[in-house]
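First up is the structure itself, then whatever we jot down about it.
The values are calculated or read from the model by the stated rules, or taken from the named source; none is laboratory data. Because the structure is predicted, anything quoted here is derived from the model rather than measured. In this analysis, Cβ positions are derived from the backbone assuming ideal geometry, glycine residues included, and neighbour counts consider all displayed protein chains.
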Amino acid sequence: MSTEPAIDDSIEDAATSVGSLWPIHSFVTSNPLSGFEDQPFDEAVEQATDLLGGRGYPSPETFRKALNRGQIDPEILEAELATAGYEDDTEVLLDRMSDAVDTEEDADTVEDHVDQVLTKWLSAFLEEGSAHWSMPNREAGFYTAFRGVVDYDSEIPDEGAVADLPETPAAAIETVLEPYPRSQWESIFEEQLAALPGWTGFIKQRVDDGGEWQSTYPISLEGYLAARLALLDAVGADIEPANDDASANPADELAQAFLRAWEATYRDELAGTVAEESQSMAGDDTSGRADAQLVFCIDTRSEIIRRHIEATGDYETHGYAGFFGIPMEYQGYEADVSVDACPPIVEPQHHVTDFPTDDDTQASHDRWSGIREAADEIIETLEANAATAYGFVETTGSAYGLTLAARTLVPGRVHDLFDAADESVPDDHEFCEPLVDHQHTYAGDLPVGMTTEEKVEYAATAFELMGWEEFSRLVVFTGHASETTNNPYDASLDCGACAGNPGGPSARVLAKICNDDAVTAELRERGHDIPEDTVFLAGQHNTTTDEIELYDGDVPESHADDLDQLRADLATARENAAAERAEAMGADSSAAVSETERRASDWAETRPEWGLAGNAGFVIGPRELTSGVDLDGRAFLHSYDWSTDPDADALEAIFTGPMVVTQWINMQYYFSTVDNGVYGSGSKVTHNPVGNVGVYQGNGGDLMTGLPLQSLMAADDEPHHQPLRLSTVVHAPVERVTEVLADHEELTELLDNGWLSLTVVDPTQDHRAFHYEEELEWIPMSERDEAPQEKPVAPAVADE
């Protein structure tokens, strides 16, 4: 009887301990401990430390700096420490924590040699189009291809299972594990998969995605494990699983109390601000039609530019997930392949492509594009042919030298030059429109375009989730993208809701949908009172320079003055937002625009922008709760009006979608900060891109799984990101929130296990704030601040 199904099941269970890793060109942030989310946070950290070797809490020095900067309230800390049973002075406890931190370094082992050999062949097999000479027999799959090269690799001993490698992965696994009882096999799989979590995570994601590379060059966790176990057998490594149970480090127990106090300090301030503004909103009946409404991604970077836009004139800004609710696969005009333009938790439902609508502009674009393509082909040939390259350098080396010198010495001037060149080359959106109408055909498994009914649903969902009842003359859906040079992690700075791609295409699709007369008519029938003079358009926010480009092809002449005024005000907002960002990066804020442009063009700039560093909060409610409040670019902001959502359908969608994604982002930043060597990517200075799929630290080894140091640290010993778990604050009746949570066990599991926190500001209960404790029970924050509670109160009690 075949044991292959049992092996597959055991491998699948074992692999849950390792998080998925997306290719670097479409970097997706995710919790590296996602496989442990069914456990309490502290227990998960213990197990991950035992399995992966990573530290799970900030260092004592990080806590000390937070205390000195006033980021941890001493009274809250004292209460947390007392609850945990610690009575000593804070400095004494921090010193004790420092003494308990394990600094032992591992010596080289035979397993390290196996890792070296295995990663060499993994990189050769899994590369995505960057190799000029491919690994032989890739089409047959990784295990078969590996089996074909072992005889020619002098680093692989001709011993053990390798001496006569079985034809199938299952047979190889059984051969190596024959001396071990079946009860140990899953533990062995778990430890071996965790040995190279980067490559394991990448294989997991590639198998789950099932895209073109996987279908052409298939790999499986079973095939990977078979090769690994055979190599371990060849070098005589001991693969018996460790018997030691994970145990809490005394330093971790102390760190938990410090972390809770730090989080409570931030959370109480954020919830207090929302509660205070909620009270003020109740007595404010002023309303009027804004000059324009701009919808931004909920991304923390949007908070800064939104605040400055609102300060320039009578503008409303709103927050919505950056894929704008369109679950699509998008293919640009010149793109060879399509990309998923929606979060990983959402399956694409449509294929949308750009199609040309202006022949003359298209011809101009194509001429310049052809020149660029020819130049790229020359460079690619030079890279692959050393002899040709020498001759080329002899002829044109001085010109290249000047270019390199300019990029190094005056990168800001290079930005100006490229800007001028770009103005002469039409962008895709100037002569293309997204093909959103249903075409009665398919691209792969996805229908091309969407029906009128589907378009109406996407537009209605957007308005309902944001609680919209009024519309301005101009409504701008604003996606976002980063601008950076020579940065393998550039996708990590683009829109996470678009799977690490720019958000402009999604904004263009929703704008085109909302300008459709048939869609608008149906929306009015459904109660959305869209005025006849409302025009929808798209734009894209450059998060490095804070420039907002408007795609105004559908704006009629009647709105020209509105558009001119908006552009002028966006330019002013850009200057002010860029000054704030420059100051945060320690740069001269008086020349902020030129400084941000320099960072975008400087090929030696390791920190073009801060990305989502600092993220700590998620506010779900009307913009009035946070407008005029400086949240320091640390909060995700999703527009929501509980009074327009009687059945809590919109709230449910926000909880199960954006809140889950923001928790992923928050956890990746958290773990990348607390242990960058294990959960992050180390310094960009020593990064080595491999196969267009990831980066090594140095000249080989495991794929790095998280964010680089320069995305998190102001200096080697100076963290910019404050590693806190996400604090979500919701403006809605607490009973309604409880009903939503009761219907979603996966959400209550995250909350009960402490992966994020939830506070409700209830406008029906005198705008009081209630903090979620556990098992659908809440406690008024005013009572929580006064003294520790023996038992939390249920919503029914809180209403009394």
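Couple of notes before you dig in:
- Within the set 673, 686, 662, 656, the sole residue that is closer than 27 Å to residue 196 by Cβ and either surrounded by 20 or more Cβ atoms within 10 Å (Cβ to Cβ) or at pLDDT 95 or above (or both) turns out to be 673.
- Among the candidates 191, 167, 186, 174, residue that is among the acidic types (Asp, Glu) and in a loop (DSSP other than H, G, I, E, B): 167
- Top-ranked residue in the stretch 743-790 [being at pLDDT below 95 and among the polar types (S, T, N, Q); ranked as farthest from residue 270 (Cα to Cα)]: 789
- Subset of the stretch 466-493 (residues that are touching a Phe, Trp or Tyr at 6+ places or on another chain (Cβ under 8 Å) and of a type in the set (Ser, Thr, Tyr)): 478, 485, 489, 492
- Test result for residue 537, over 17 Å from residue 310 (Cα atoms), in the same structural domain as residue 593 (by TED's automatic domain parsing), of a type outside the set (D, E, K, R) and under 30 Å from the mean Cα position of the chain (by Cα): yes
- One residue stands out among those in the stretch 284-343 that are assigned to a loop (DSSP other than H, G, I, E, B) and among the aliphatic types (A, V, I, L, M): the one that is nearest to residue 460 (Cα to Cα), which is 326.
- Verdict on residue 522 being closer than 24 Å to residue 354 by Cα and either out of contact with any strand residue (DSSP E or B) (no Cβ under 8 Å at 6 or more places or on another chain) or outside any helix (DSSP H, G or I) (or both): no
For (1) crowded, with 17+ Cβ neighbours inside 10 Å; (2) more than 23 Å from the chain's Cα centre (by Cα), each residue gets a yes or a no:
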| residue | (1), (2) |
| --- | --- |
| 57 | yes, no |
| 71 | no, yes |
| 76 | yes, yes |
| 98 | no, yes |
| 110 | no, yes |
| 117 | yes, yes |
| 120 | no, yes |
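- Test: residue in the stretch 649-672 that is touching a helix residue (DSSP H, G or I) at 6+ places or on another chain (Cβ under 6 Å) and outside any helix (DSSP H, G or I): no
- Residue in the stretch 706-720 that is closer than 18 Å to residue 48 by Cβ, surrounded by 24 or more Cβ atoms within 10 Å (Cβ to Cβ), out of contact with any Pro (no Cβ under 8 Å at 6 or more places or on another chain) and not acidic (Asp, Glu) present: yes
- Matching residues in the stretch 697-709 - criterion: being part of a strand (DSSP E or B) and under 14 Å from residue 200 (Cα atoms): none
- Test: residue in the stretch 115-129 that is touching a helix residue (DSSP H, G or I) at 6+ places or on another chain (Cβ under 9 Å), over 22 Å from residue 214 (Cβ atoms) and either basic (Lys, Arg) or touching a residue at least 24 places away in the same chain (Cβ under 8 Å) (or both): yes
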